[in-house]
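Asker: Below you'll find the structure I mean.
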Amino acid sequence: MIHGVKTKALKVIPDERGRVMEILRADDALFLKFGQVYITTTYPQVVKAWHYHKVQTDHIVAIHGMIKLVLYDPRETSPTRGEINEFYIGVHNPLLVQVPNMIYHGWKCISEEEAIIVNIPTDVYIYDRPDEYRLPPHGKDVPYDWSRKDG
């Protein structure tokens with residue numbers, strides 16, 4: 001796993017009224033600090049990638065549908081420089097992934113329905129100075145092919 005990336009298996013607790021699933025608690029071992037909470041959606045087969053943050057750490061979970069979350073470590077001094085991690089997360093695999101700063105990340109919706117993703121970054125989004133640095137999803141800068149890998 002890429003140095004600094006952490007995961008937390010999420011537990012769904014059902015009863016006759018519905019279900020509950022805690023995502024991130026202030027007493028979790030991987031909790032750093034709170035910035036904001038937001039949702040984003042991705043339509044089937046759409047790729048939203050690549051970007052990284054210089055300051056904030058992201059906490060990503062898919063609460064509806066399924067995504068393939070991909071991380072790439074470009075950090076010069078990292079022991080995992082050049083490593084790629086794939087996480088299949090969503091309704092069939094409830095998992096929180098902590099993405100440290102300086103790690104490129106993005107995802108592809110792999111379910112037949114729209115995926116709903118919750119992110120809990122450690123810092124608020126600053127509209128006139130966003131901590132977001134982007135690359136195209138299908139360029140040569142990140143050595144990753146988003147096409148489906150059958151078999």
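Values quoted throughout were computed directly from the atomic coordinates according to the rules given, and no laboratory measurement underlies them. In this text the structure is predicted, and so the values were computed from the model without any measurement. Here Cβ is always computed from backbone atoms with ideal geometry, including for glycine, and neighbour counts include all displayed protein chains.
Asker: If I go through the range 33-74 residue by residue, how many of them are within 16 Å of residue 6 (Cβ to Cβ) and surrounded by fewer than 18 Cβ atoms within 10 Å (Cβ to Cβ)?
Answerer: The number of residues fulfilling the criteria is 1.
Asker: Looking only at the range 79-109, which residues are assigned to a loop (DSSP other than H, G, I, E, B), touching a residue at least 60 places away in the same chain (Cβ under 8 Å) and farther than 18 Å from residue 135 by Cβ?
Answerer: Passing the criteria: 79, 80, 94.
Asker: Kindly evaluate residue 29 against the criterion of being small (Gly, Ala, Ser) and free of Cβ contacts under 8 Å to residues at least 24 places away in the same chain.
Answerer: yes
Asker: Consider residue 99 against the criteria (1) exposed (fewer than 11 other Cβ atoms within 10 Å of the Cβ); (2) under 11 Å from the mean Cα position of the chain (by Cα): it satisfies all of them except one. Which criterion is unmet?
Answerer: If we test residue 99 against (1) exposed (fewer than 11 other Cβ atoms within 10 Å of the Cβ); (2) under 11 Å from the mean Cα position of the chain (by Cα), just (1) comes out false.
Asker: Could you list, in sequence order, the residues of the range 1-29 that are in a loop (DSSP other than H, G, I, E, B) and over 30 Å from residue 145 (Cα atoms)?
Answerer: Scanning the range 1-29 gives 11, 16, 17, 22, 24, 25, 26, 27, 28, 29.
Asker: Related question: Restricting to the range 110-148, what's the tally of residues that are assigned to a strand (DSSP E or B) and of a type in the set (Phe, Trp, Tyr)?
Answerer: Of the residues in the range 110-148, 1 are assigned to a strand (DSSP E or B) and of a type in the set (Phe, Trp, Tyr).
Asker: Continuing with the same structure: I'd like to verify a number: residues in the range 102-147 that are over 24 Å from residue 3 (Cβ atoms), among the hydroxyl-bearing types (Ser, Thr, Tyr) and crowded, with 17+ Cβ neighbours inside 10 Å, how many?
Answerer: 1
Asker: I'd like the full set of residues that are in contact with a Phe, Trp or Tyr (Cβ under 8 Å, 6 or more places away or on another chain) and in a loop (DSSP other than H, G, I, E, B), limited to the range 36-48.
Answerer: Hit for the range 36-48 is 36, nothing else.
Asker: Right, something else. Looking only at the range 3-15, decide whether some residue is more than 23 Å from residue 115 (Cα to Cα) and either surrounded by 15 or more Cβ atoms within 10 Å (Cβ to Cβ) or within 11 Å of the chain's Cα centre (by Cα) (or both).
Answerer: Yes: one or more hits.
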